[in-house]
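The values are calculated or read from the model by the stated rules, or taken from the named source; none is laboratory data. Source: prediction; values computed, not measured. Note: ideal-geometry Cβ built from the backbone for every residue, glycine included; neighbour counts use all protein chains shown.
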Amino acid sequence: MSRKRKYSDEFRLMLVDEYLSGKNGGFKTIAKKYGINHSIVERWVHLYETHGSEGLCSSLGRYSGKFKIYVVEYMHMKEMSLKETANYFCIPSAPTVAKWEHIYYEEGPQALLKERRGRKSMINKKKLKPKKNVNENEELLAEVQHLRMENEYLKKLNALVLQREKSEQKKK
C-alpha cells in the first residue's frame, strides 16, 4: 500500500522552474504565493539541482540496511550535514538520516540491518529470572533461622517480664 503524496510531481517541478527563472523572487515569496513552507521549496530546488527532475519524484519506499549504513558512513566521511546528505541520496527528509545516524552510533551498524517497521510480535517472551547462586540461598536460610531464634528469645523474655509483673502485683 503506497502513501498518497501531498504535492504532485508537476506541482513540484512548476515551483522549482518558477524559482530558477528568477521572476517571482526567492523561496519565501514563492512559498507564500502557494501557501506552503519555504523550506519545502528550498528542498525541492536542491533536489532538482542535485538529481534533476528525478530528484523530485521521491521514493517513499523502504531502504535496505546496507544502504542506511552506507549513507551514515558516507555522511561522516565527507563531513556532510544531515540536510546535504538527504539531498545527495535523494532521501525525502533529513530526520530520516538523523534517525539512522542515532541507531548507528547507539546500537551499532548491525542494528540498521534489522527491520523496525510494524508492531512488535506478541509472543510472550518469559523473562528469565536470574538464578540465585547456592551461597546466596544458604546465607538467606541462615539469616531466617537467626531471626526466628531472636524472635523466640524475645517472646520468652516478654513472658518472663509479664510473669514477674504478675508476681509483684500478687505480693502487694
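See the values below:
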{"quantity": "All positions within segment 1-23 that are surrounded by 13 or more Cβ atoms within 10 Å (Cβ to Cβ) and in a loop (DSSP other than H, G, I, E, B)", "calculated": "ARG5, TYR7"}
{"quantity": "Hits in segment 94-141 - residues which are outside any helix (DSSP H, G or I) and at pLDDT 85 or above", "calculated": "GLY108"}
{"quantity": "Whichever residue in segment 24-75 is outside any helix (DSSP H, G or I) and aliphatic (A, V, I, L, M) and, among such residues, is nearest to ARG12 (Cα to Cα)", "calculated": "ILE36"}
{"quantity": "Residue that is nearest to LEU112 (Cα to Cα), among those in segment 28-63 that are modelled with pLDDT under 85 and touching a Phe, Trp or Tyr at 6+ places or on another chain (Cβ under 7 Å)", "calculated": "GLY55"}
